[in-house]
């Protein structure tokens, strides 16, 4: 079966959906019965066709990325010329261009959709493309989601419950295991930044809620390390300076290997404030190292992965006081911290990358 997977962008572009699209393409391509190609937009005004880790990737030229979405007038034309070569179209939502392309040119072709989240910020965009989205969702043979919370809390998915299939994302559990080298690096990190150490990881963008973690840190007897890059960096650095927290809160650029940082921290925090945070892979990665985690209640997968009172705490979004209290509880109670960490490690073992790809392959083979 030849599959054409459509998404807005693809590796090496950094993003949660892009990472999942890459794992799907590379994972499914290992099965002899499937051949997966990827069609996405380029972030430049140049069309490039290349092979990435054994996957054919077609990047169609665009005028750039605006509000998280690429603007490409050439995408529909390119799609129309190649869609006949494929047996199945695999769409990632939200990506309006992909849904328009399918609706215009592939009405009789088998379709599956991976539904990542509702459109959260661009409400006018949602209204404008609503008919295309609804048409594709009705035509889809299956709609894949990463967690059951998404079905219950999505504006669209409630009406398509019968065709939704929950397949949780996973991580390479073997990769996220302690070893002597990682322990040594973790010790150096603790020496550099201090302890106890609170860690948070993610792009410095609107829905991650890092400003609330900074506010929550004012009277904490701990160091806070945020790893990531993005357009809000300067704003966050000014905030840290205004609060006089330069010696307590640190922001460093993205690192190639997060494992020693997970191992070095005492508590991991994901303070997201919008439903754009649909799963939280970084939660799983930290939990795999036996770290208690704190996340926010968004009605998405974050509070499905992190079980409140068992693997960590789930707090209200945009509530620095509640976040502060949760962090203090864990820092002040070593026994509780170790218990949650033990439970977190056990919970993480339920989410393997191998299981994710295997289950997806089995569902696609049923079509």
(message) Compute the helix-to-body angle for 123-139: its Cα long axis versus the longest principal axis of the chain, expressed 0 to 90° and rounded to tens.
(response) 60 degrees
(request) State the extension gain, in nm to one decimal, for the chain segment bounded by residue 334 and residue 50, taking 0.36 nm per residue of separation less the distance between their alpha-carbons. (result) 97.2 nm
(message) Angle check, please: helix 16-28 long axis (alpha carbons) against the longest principal axis of the chain (alpha carbons), in degrees 0 to 90, nearest 10.
(response) 60 degrees
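Per the Cauchy relation, a quarter of the hull surface: what is the mean projected area of the convex hull of the alpha carbons in the chain, in nm²?
The Cα convex hull of the chain, projected and averaged over all directions, gives 17.9 nm².
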(request) Could you work out the relative contact order of the chain, using alpha carbon pairs under 8 angstrom and six or more residues apart, expressed as a whole percent? (result) 13 percent
(request) Measure nothing fancy, just the Cα-based angle from helix 320-332's long axis to the longest principal axis of the chain, in degrees from 0 to 90, nearest 10. (result) 60 degrees
(request) Would you mind calculating the relative contact order of segment 277-367 from Cα pairs under 8 angstrom and at least 6 residues apart, reporting the percent as a whole number? (result) 31 percent
(message) Could you tell me the calculated FRET efficiency between residue 180 and residue 108, based on Cβ-Cβ distance and R0 = 56 angstrom, to the nearest 0.05?
(response) 0.45
(message) Below 8 Å, C-alpha to C-alpha, sequence gap of six or more: please give me the relative contact order for segment 180-348 in percent.
(response) 23 percent
(message) Helix-only estimate, please: 222 nm mean residue ellipticity of the chain, summing -39500 (n - 2.57) across DSSP H runs of length 4 or more and dividing by its residues, to the nearest 500.
(response) -11500 deg cm²/dmol
(message) Per 0.36 nm of contour for each residue apart, how much would the distance between residue 350 and residue 191 grow if the chain were fully extended, relative to their Cα-Cα spacing?
(response) 54.0 nm
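Read the figures in this text as sums done on the coordinates, not as results from a lab. Worth saying up front: this structure is predicted, and the values here are computed from it rather than measured. Virtual Cβ from ideal backbone geometry, glycine too; neighbours counted across all protein chains shown.
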